[in-house]
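**Student:** Have a look at this one.
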Amino acid sequence: MNRMPVILDGDPGHDDAIAWMLAAVSPELEIRAVTTVAGNKDIENVTKNALSICSLFGIDAPVARGAHGPLVAAPVTAGNFHGETGLDGAELPPPGIRLSGYSAVELMARVLEQSGEPVTIIGTGAETNLAALLLWRPELKKKIRAFYIMGGGIETGNWVPAAEFNILVDPEAADIVFSSGIPVVMAGLDVTEKALVYPEDVERIRAAGSRVSAIVAGWLDFFGKTHAAMGYKGWPLHDPCAVMALTHPELFDMRDACVRIETGGMYTRGRTLADFEAAESFNAKVLLSVDRRAFVDELVKAVRVYR
Ligand code: RIB
Ligand code: CA
């Protein structure tokens, strides 16, 4: 089967890690590069986590460090939301792979130049690297098939009432991506807050009985504690929605929209606004709901790949 080339860009983070596992086990995807961006934790921390994750899941692709902070905004990190390490809840084996000598944008550009077909970029953190690539190498736009991103929320925010974290960290970058003319599939909070994993689902994952399943279940236990303390009954797996939208689009309801990013506004900066009627300006498919049970079944299937 002709596998679809993808680049994974994120700020691992528990849900980035699980998203990358889904990409790693998908027979439809070929991971050509993994790049990191500051967000959940600082760039050194997320990059160290990226090496460990790629080692753990057997992702055979170069890993490159990306943006230390947003294009113009002041840096924001999620503090200890994902714990001290950014992947609290499980001990990871030391990474068996080394960091690429290229920066994230250099590596992305090389992958696009060398690819015989357009590449899909899956972004699960702030969109700084994606925007920097477009600014630095606009001629490579034709080699990007689409952006599948976790970010935004038409109906709600999370980090602040008006905005979701990934967009809020770098609204200028998101604006560049959404107005690039390259198709965007947006897995925002509208869908990710419905992609809930409950304790019984975590036990299904743990029951797979491997080192990987124990680590993933440990991550979900930690992720769950954080969310339970916020009143959640299930834990929203944000980033895996961006990968599953590519590998299992049938699990989602999505609508074409013109999505604009608010970069001004004292209280609305980082807001993603959708116009579902402006057909002449459609730039994105917005995911609105997911078949939660099927979503969890795919998670369990993915974990079971590892012995
Ligand atoms: O708002 C959720 C997003 O912010 C997820 O991608 C999470 O990993 C953090 O990056
Ligand atoms: Ca993320």
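What follows is calculated from the coordinates using simple rules that are stated; it is not laboratory data. Not measured: the values here are computed from a predicted model. Glycine also receives a Cβ, built like all others from the backbone with ideal geometry; neighbour counts cover every protein chain displayed.
**Student:** Within 10 Å of each residue's Cβ, count the other Cβ atoms and sort H238, H227 from fewest upward. It would help to have the intermediate numbers written out before the result.
**Tutor:** On the way: H238 27, H227 18.
Listed from fewest to most nearby Cβ atoms, that is H227, H238.
**Student:** In whole Hz and in residue order, list the ³J(HN,Hα) couplings for the range 287-303 that follow from phi through the Karplus curve 6.51 cos²θ - 1.76 cosθ + 1.60, θ = phi - 60°; x for Gly and Pro.
**Tutor:** 7, 10, 7, 9, 7, 4, 5, 5, 4, 5, 4, 5, 4, 5, 4, 5, 4
**Student:** OK, next. With a/c under 1.5 counting as rounded, go ahead and sort the chain into rounded, prolate or oblate using the C-alpha gyration tensor (a ≥ b ≥ c being the square roots of the eigenvalues; past the cut-off, prolate if a/b is larger than b/c, else oblate).
**Tutor:** Verdict is rounded for the chain.
**Student:** If a/c stays under 1.5 just call it rounded; otherwise compare a/b with b/c (prolate if a/b is bigger, oblate if not). Do that for the range 49-155, with a ≥ b ≥ c from the square roots of the Cα gyration tensor eigenvalues.
**Tutor:** Details: a/c = 1.85, a/b = 1.25, b/c = 1.47.
It is oblate, given that a/c is not under 1.5 and a/b is not larger than b/c.
**Student:** Something else about it: Assuming a strict under-26 Å limit between Cα atoms, what lysine pair count do you get for the chain once near-sequence pairs (fewer than 8 apart, same chain) are dropped?
**Tutor:** Summing the qualifying lysine pairs gives 14.
**Student:** Dipole of the chain, Cα-centred, from +1 at each Lys and Arg C-beta and -1 at each Asp and Glu C-beta, to the nearest 20 debye?
**Tutor:** 640
**Student:** Under a crude label model (7 Å from the Cα following the beta-carbon direction), how far is R211 from R255 in nanometres?
**Tutor:** 4.7
**Student:** Then there is this: Once you sort the root eigenvalues of the Cα gyration tensor of the range 168-307 as a ≥ b ≥ c, which label holds: rounded (a/c under 1.5), prolate (a/b larger than b/c) or oblate (the other case)? Display every interim value, and only then the final one.
**Tutor:** Numbers: a/c = 2.50, a/b = 1.82, b/c = 1.37.
Since a/c reaches 1.5 and a/b is larger than b/c, the shape of the range 168-307 is classed as prolate.
**Student:** Given Cα pairs under 8 Å that are at least 6 residues apart, what percent is the relative contact order of the range 1-55?
**Tutor:** Once divided by the residue count of the range 1-55, the mean separation gives 43 percent.
**Student:** Would you kindly derive the ³J(HN,Hα) couplings of the range 86-94 from the backbone phi angles with the Karplus curve 6.51 cos²θ - 1.76 cosθ + 1.60 (θ = phi - 60°), listing them in order in whole Hz, with x for Gly and Pro?
**Tutor:** Those phi angles translate into x, 9, 4, x, 7, 7, 9, x, x Hz.
**Student:** Also, quick follow-up: Which order, highest average first, do 211-218, 9-16, 277-284, 300-307 follow once you tally other Cβ atoms within 10 Å for each residue and take the mean per peptide?
**Tutor:** Top to bottom by mean Cβ count within 10 Å: 9-16, 211-218, 300-307, 277-284.
**Student:** Further, regarding this structure: In terms of modelled amide H atoms, which long-range or inter-chain residues lie less than 5 Å from the amide H of E30?
**Tutor:** M4, V6
**Student:** Write out the trypsin sites (Lys or Arg not before Pro) in the range 94-184 meeting two conditions: DSSP loop, and at most 11 other Cβ atoms within 10 Å of their Cβ. Let's see the in-between values first.
**Tutor:** Numbers: sites: R98, R110, K141, K142, K143, R145; in loops: R98.
Here the sparse-neighbourhood loop sites are R98.
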